[in-house]
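Student: Provided herewith is a single structure, encoded as structure tokens, for subsequent inquiry.
The values are calculated or read from the model by the stated rules, or taken from the named source; none is laboratory data. No experiment lies behind these values; they were computed from the predicted model shown. Note that each Cβ is placed from the backbone with ideal geometry, even for glycine, and that neighbours are counted across all protein chains shown.
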Amino acid sequence: MLTVRIIPCLDVRDGRVVKGVRFQGLRDAGDPATQAAAYEQQGADEIVVLDVSATPEGRATQADTVRRVRAQLSIPLTVGGGVRNAENAGTLLEAGADKVGVNTAAVEQPAVLTQIATRFGAQCTVLAIDAAYRDPHDPAAGWEVVVLSGKRRTGRDAVAWAREAVERGAGEILLTSWDRDGTRAGYDDALIAAIAGAVNVPVIASGGADTPAHLLSALRAGADAVLAASIFHYGDTTPAQLKRELAAQGIRVRQ
Amino acid sequence: MSLMALTAPLVVQVVRTGVANIASVLAGLRRLGAEPALTEDPQTVATATAVVLPGVGAFGAGMERLRASELVTVLRERVAAGRPTLAVCLGLQLLCERSEESPGVEGLGVLPAIVRRFPATVRVPQLGWNEVLPQAEGGLLERGFAYFANSYRLDSAPEGWGWARSEHGGPFVAALERGAVLACQFHPELSGPWGAALLGRWLARAGDAR
């Protein structure tokens with residue numbers, strides 16, 4: 001039986017690790033390769049490197065960052081941020097990524113998912129969805145997809161988009177709640193349940209993690225993996241510590 | 001791996017089956033002190049001390065690539081003769097007769113087996129860490145957690161091979177071994193210290209054959 005995955009996320013800008021609330025007020029804190037290796041030592045099951053560089057110059061360092069992280073890391077590495085097409089994906093895979101996340105480009109041009117999946121396989125092709133409540137006062141109205149780091153709301157239904165993306169070749173969904181990201185108020189379990197119930201590929205829950213109870217409820221809602229950044233980045237806890245707490249609750253983890 | 005340091009690094013020829021995941025395989029081998037090289041040359045694959053057949057992606061595309069590089073016969077002969085060979089993920093599947101993934105495409109046929117898709121009762125692709133349970137002791141394979149990234153698998157082991165089992169919608173073949181031939185459905189290069197130790201044992205066995 002598969003175990004659940006605990007995935008620290010490194011937000012990287014211009015080749016350096018940063019983390020901020022909703023990508024604003026970024027703080028510089030460290031070298032991605034050193035950080036990733038430390039997380040592996042601390043029991044991480046996988047690492048996500050998300051490039052939040054705003055400029056092409058910043059993003060040019062992306063492949064080099066991936067190469068340096070790869071040389072140190074003996075667990076899977078997923079890389080996202082600014083991937084526009086299959087050529088970008090190929091560059092990152094060649095540099096040492098095991099999976100590539102696509103977000104805005106897939107919304108603008110869904111065929112890019114099929115192109116990446118056909119060339120490199122569905123198991124390399126991760127669709128990143130940033131989802132926000134259409135109406136925070138009416139959860140029944142569902143979630144819409146937001147793109148460009150939350151700058152644009154698309155009106156597109158997040159659940160329908162997840163289904164379409166899987167049909168087009170996505171092999172995994174990295175699901176971020178835009179309402180919860182950076183808040184430490186817990187994952188959006190209703191969103192996780194809606195997406196995990198709609199598709200047959202694995203779903204990584206992201207946005208809002210603070211306590212072991214948050215992870216537990218996200219996993220019970222249907223997530224196959226849980227991603228977090230701040231709680232690891234500021235040393236509040238480690239993947240190994242969280243796994244011990246989850247195991248005590250009957251969740252299967254790699255220890 | 002300290003013994004290896006006393007001799008020249010073992011050159012491991014990694015068959016170029018495509019772009020994806022090659023970097024992880026190369027990095028994993030380098031971390032263990034081996035010297036990986038990429039090749040598509042039939043003569044090199046035929047004579048190399050150690051060969052890795054990696055690969056992710058589709059069965060049909062993988063076989064097409066091997067056929068175009070004229071590697072089909074040399075790989076068949078290597079594995080049949082028991083020369084040190086490591087097949088990873090799609091690499092294991094390519095050793096089989098055929099796969100549901102690409103109907104009508106003939107595999108290397110070294111393993112009398114057919115590759116089938118995971119049932120729809122579980123998440124596909126299988127992405128994550130699963131427990132590997134060797135069905136016998138004393139081989140290269142030991143019990144532990146390995147990282148898998150696959151939609152297809154063997155649901156039973158061919159005769160004459162040692163094997164390890166995992167569960168995802170029922171039992172499936174996590175790995176096969178016979179002498180210095182090791183075929184893993186999981187990615188040892190992505191399976192942390194447990195995977196590195198397995199790679200190290202295979203490299204040591206390949207080194208013995210030099």
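Student: Here are A:Ala213, A:Ala170, A:Ala160: which of them is within 30 Å of B:Gly169 (Cβ to Cβ) and not in a helix (DSSP H, G or I)?
Tutor: A:Ala170
Student: Just checking, which of B:Ala50, B:Ala113, B:Ala34 is touching a Pro at 6+ places or on another chain (Cβ under 7 Å) and closer than 20 Å to B:Ala157 by Cβ?
Tutor: Unique residue meeting the criteria: B:Ala113.
Student: Would you pick out the residues in segment B:20-51 that are touching a helix residue (DSSP H, G or I) at 6+ places or on another chain (Cβ under 9 Å) and either among the charged types (D, E, K, R) or part of a loop (DSSP other than H, G, I, E, B) (or both)?
Tutor: B:Ala20, B:Asn21, B:Arg30, B:Arg31, B:Leu32, B:Gly33, B:Ala34, B:Glu35, B:Glu40, B:Ala48, B:Thr49
Student: If you don't mind, another one. May I ask you to list the residues in segment B:143-172 that are within 25 Å of B:Ala81 (Cβ to Cβ), without any contact (Cβ under 8 Å) to a residue 60 or more places away in the chain and crowded, with 22+ Cβ neighbours inside 10 Å?
Tutor: Of everything in segment B:143-172, just one residue is within 25 Å of B:Ala81 (Cβ to Cβ), without any contact (Cβ under 8 Å) to a residue 60 or more places away in the chain and crowded, with 22+ Cβ neighbours inside 10 Å, namely B:Ala164.
Student: Can I ask one more? For residues that are assigned to a strand (DSSP E or B) and within 14 Å of another protein chain (Cβ to nearest Cβ), tally how many sit in segment A:124-149.
Tutor: Summing the residues that are assigned to a strand (DSSP E or B) and within 14 Å of another protein chain (Cβ to nearest Cβ) in segment A:124-149 gives 3.
Student: Something else about it: Residue check: is A:Gly197 assigned to a loop (DSSP other than H, G, I, E, B), surrounded by fewer than 20 Cβ atoms within 10 Å (Cβ to Cβ) and not charged (D, E, K, R)?
Tutor: no
Student: Okay, next question. Condition test on B:Pro119, is it free of Cβ contacts under 8 Å to residues at least 60 places away in the same chain, surrounded by fewer than 17 Cβ atoms within 10 Å (Cβ to Cβ) and within 11 Å of another protein chain (Cβ to nearest Cβ)?
Tutor: Spelling it out, B:Pro119 is indeed free of Cβ contacts under 8 Å to residues at least 60 places away in the same chain, surrounded by fewer than 17 Cβ atoms within 10 Å (Cβ to Cβ) and within 11 Å of another protein chain (Cβ to nearest Cβ).
Student: In the set A:Ala132, A:Ala122, which member is at pLDDT 95 or above and either over 26 Å from B:Leu127 (Cα atoms) or buried (at least 18 other Cβ atoms within 10 Å of the Cβ) (or both)?
Tutor: Matching residue, one of A:Ala132, A:Ala122: A:Ala132.
Student: Which is away from chain B (no Cβ under 14 Å), more than 14 Å from the chain's Cα centre (by Cα), touching a residue at least 24 places away in the same chain (Cβ under 8 Å) and under 22 Å from A:Asn103 (Cβ atoms), of A:His233, A:His214?
Tutor: A:His233
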